[in-house]
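Take a look at the structure below.
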Amino acid sequence: MIRVALIGLGKMGLSHHAIINPHPDVKLVAVCDSSGYVLDILNKYVGIKCHTDYKKMLAEEQLDAVFIATPSRFHGEMVRAALDMNLHVFCEKPFCLDLTDGQRLMELAESKGLVNQVGYHYRFVATFQEMKRLVDANAIGRIHHIRAEAYGPVVLKPKGSTWRTSRSEGGGCLYDYASHGIDLVNYIVGRPHSVGGTVLSKVFSRDVEDEVYSTFYYPDGKTGQIAANWSDESYRKMSTSVTIWGANGKITADRQEVHIYLRDGSNEKLNLSKGWNTRYTTELTGEVWYYLRGEEYSAQIDHFIQSIKSGCRDTRSTFRSALEADLVAAMMIQDAKNSHVDAAFPAGIGSAPAKKGKLWPSFARNLLD
């Protein structure tokens, strides 16, 4: 049995708790949170050992791995503490708000040979996996454009706030919603080398953006776009989709379906006909031992556990791949700042004209090389 602990008992932490607990290969040894009320309830009705100090928990408990589901600003220090104890780590997204910290933690985990994974659960949605498989198989030929969208009803009025709507806590639409789209783009076609025209716009929030829009550029000439809005009440819950255009057609995917359009001829090897083809999540998704919210949440945890058992360190969503999403987000933040400055001063009056795409920030150029 793999002995694990869980740090953080908010929405995602409680979700992970419910999924981890019945896993046949896992023993949930202890949990840690700052809320006395939540800990009292768990201790009384579940009987799990509870802590309020994660460092003390890591030192006292006999563990193999730890799940971290706290606000983003705590990720760096908690991941470091777990790695220093030679524990395998599953960390919720985004990985690290500080790119230098993220680079060091990635290198530390890899040097120690520890299994590491970040909770970008859309990589475990069967429809997006099928989209990547088709792209890798060159189903629609040379890719020339990709668009990722994420919309939902998180912030619908100015009143009230949570850690997600606090800049210092690492919230905002960019890290909560758009990061999923960024990660899917990186997963399916690779990370962009530059970004441009980034807009981080407030609708209701005071401290963070509620809308995110940006264009991605690639060395081979293809382009991409990201669009995210967590103040869109026309959606009942978060809705994420990706569309890819290629020389021989188009693929679009969301949580439920993959639609493939082939322009010229059929592809017998991939079982695709000319024109429209549709594949549904019900035919693509494998069974999981426990269903909560969506099978992808169980699938990502099982993937982490099975990787520990097999000694496979190349999980589907490693620290390294998550750091690539953080890097793109950092590019977008810098691009939005630069665009704002350029707009404030007309060309010829103290500023240079805006460039088409902002290259990787100087502080990030050597990361992941």
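Could you please let me know if K337 is of a type outside the set (S, T, Y), exposed (fewer than 13 other Cβ atoms within 10 Å of the Cβ), modelled with pLDDT of 90 or more and not assigned by TED's automatic domain parsing to the domain that holds S72? Working first, answer last.
Details: of a type outside the set (S, T, Y): yes; exposed (fewer than 13 other Cβ atoms within 10 Å of the Cβ): no; modelled with pLDDT of 90 or more: yes; not assigned by TED's automatic domain parsing to the domain that holds S72: yes.
Here the answer is no, as K337 does not meet what is asked.
Matching residues to (1) surrounded by fewer than 23 Cβ atoms within 10 Å (Cβ to Cβ); (2) in contact with a helix residue (DSSP H, G or I) (Cβ under 6 Å, 6 or more places away or on another chain); (3) in the same structural domain as C96 (by TED's automatic domain parsing); (4) more than 22 Å from G246 (Cβ to Cβ):
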{"site": "S166", "(1), (2), (3), (4)": "yes, no, no, yes"}
{"site": "C173", "(1), (2), (3), (4)": "no, no, no, yes"}
{"site": "G190", "(1), (2), (3), (4)": "yes, no, no, no"}
{"site": "V199", "(1), (2), (3), (4)": "yes, no, no, yes"}
{"site": "S214", "(1), (2), (3), (4)": "no, yes, no, no"}
{"site": "Y218", "(1), (2), (3), (4)": "yes, no, no, no"}
{"site": "G221", "(1), (2), (3), (4)": "yes, no, no, no"}
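For segment 182-298, please list each of the strands (runs of 3 or more DSSP E) lying entirely inside it that holds at least 1 residues being hydrophobic (A, V, I, L, M, F, W, C), within 24 Å of the chain's Cα centre (by Cα) and more than 30 Å from P158 (Cβ to Cβ). Quick ask: steps written out before the conclusion?
Details: elements: 194-201, 211-217, 223-229, 239-246, 249-253, 257-262, 275-280.
Filter on segment 182-298 gives 211-217, 239-246, 249-253, 257-262.
Considering only segment 201-212, state which residues are polar (S, T, N, Q) and either surrounded by 21 or more Cβ atoms within 10 Å (Cβ to Cβ) or not assigned by TED's automatic domain parsing to the domain that holds S241 (or both).
First pass over segment 201-212, keeping only residues polar (S, T, N, Q): 201, 205.
Of everything in segment 201-212, just one residue is polar (S, T, N, Q) and either surrounded by 21 or more Cβ atoms within 10 Å (Cβ to Cβ) or not assigned by TED's automatic domain parsing to the domain that holds S241 (or both), namely S205.
Assess whether L28 counts as being at pLDDT below 95 and either in a helix (DSSP H, G or I) or not hydroxyl-bearing (S, T, Y) (or both).
Numbers: at pLDDT below 95: no; either in a helix (DSSP H, G or I) or not hydroxyl-bearing (S, T, Y) (or both): yes.
Spelling it out, it is not the case that L28 is at pLDDT below 95 and either in a helix (DSSP H, G or I) or not hydroxyl-bearing (S, T, Y) (or both).
I need a count of the residues in segment 257-301 that are among the acidic types (D, E), loosely packed, with under 13 Cβ neighbours inside 10 Å and within 30 Å of Q117 (Cα to Cα).
As a first pass, look at segment 257-301 and keep what is among the acidic types (D, E): 257, 264, 268, 283, 287, 295-296.
Next cut, loosely packed, with under 13 Cβ neighbours inside 10 Å only: 264, 268, 283, 287.
Filter once more, keeping what is within 30 Å of Q117 (Cα to Cα): 283, 287.
Summing the residues that are among the acidic types (D, E), loosely packed, with under 13 Cβ neighbours inside 10 Å and within 30 Å of Q117 (Cα to Cα) in segment 257-301 gives 2.
So that you can scan it fast, the table gives a plain yes or no per residue for (1) farther than 25 Å from R313 by Cβ; (2) crowded, with 21+ Cβ neighbours inside 10 Å:
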residue	(1), (2)
V31	yes, yes
K49	yes, no
T70	no, yes
A81	no, no
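Taking Y37 as meeting all but one of (1) within 27 Å of the chain's Cα centre (by Cα); (2) free of Cβ contacts under 8 Å to residues at least 40 places away in the same chain, write down the number of the exception.
(1)
Taking only segment 278-321 into account, find how many residues are more than 18 Å from C91 (Cβ to Cβ) and either touching a Leu at 6+ places or on another chain (Cβ under 7 Å) or of a type in the set (D, E, K, R) (or both).
Total meeting the criteria: 6.
Would you please list the contacts, defined by Cβ atoms under 6 Å and residues six or more apart or on different chains, that run from a residue in segment 179-199 that is small (G, A, S) to a residue that is modelled with pLDDT of 95 or more and in a helix (DSSP H, G or I)?
Taking only residues 6 or more apart or on different chains, the pairs are S179/A325.
If I filter segment 223-278 down to residues being touching a Gly at 6+ places or on another chain (Cβ under 7 Å) and of a type in the set (S, T, Y), which single residue comes out as farthest from E130 (Cα to Cα)?
Step by step, filter segment 223-278, then rank; the result is Y235.
Tell me which residues, restricted to segment 96-132, are hydrophobic (A, V, I, L, M, F, W, C) and within 23 Å of R255 (Cβ to Cβ).
V118, F124, V125, A126, F128, M131, listed by residue number.
Could you list, ordered by first residue, the pairs with Cβ atoms under 6 Å in which the first is in segment 232-255 and in the same structural domain as N186 (by TED's automatic domain parsing) and of a type in the set (S, T, N, Q) and the second is part of a loop (DSSP other than H, G, I, E, B) and loosely packed, with under 15 Cβ neighbours inside 10 Å, at least 6 apart or interchain?
So the pair list comes out as N248/G141; N248/R263; N248/D264.
Which one of these does R316 not meet: (1) modelled with pLDDT of 95 or more; (2) buried (at least 18 other Cβ atoms within 10 Å of the Cβ); (3) assigned to a loop (DSSP other than H, G, I, E, B)?
(2)
Would you confirm whether any residue within segment 17-25 is at pLDDT below 95, under 22 Å from the mean Cα position of the chain (by Cα) and surrounded by fewer than 19 Cβ atoms within 10 Å (Cβ to Cβ)?
Yes - at least one qualifying residue is present in segment 17-25.
The values are calculated or read from the model by the stated rules, or taken from the named source; none is laboratory data. Please read all numbers here as calculations on a predicted model, not as lab measurements. Glycine also receives a Cβ, built like all others from the backbone with ideal geometry; neighbour counts cover every protein chain displayed.
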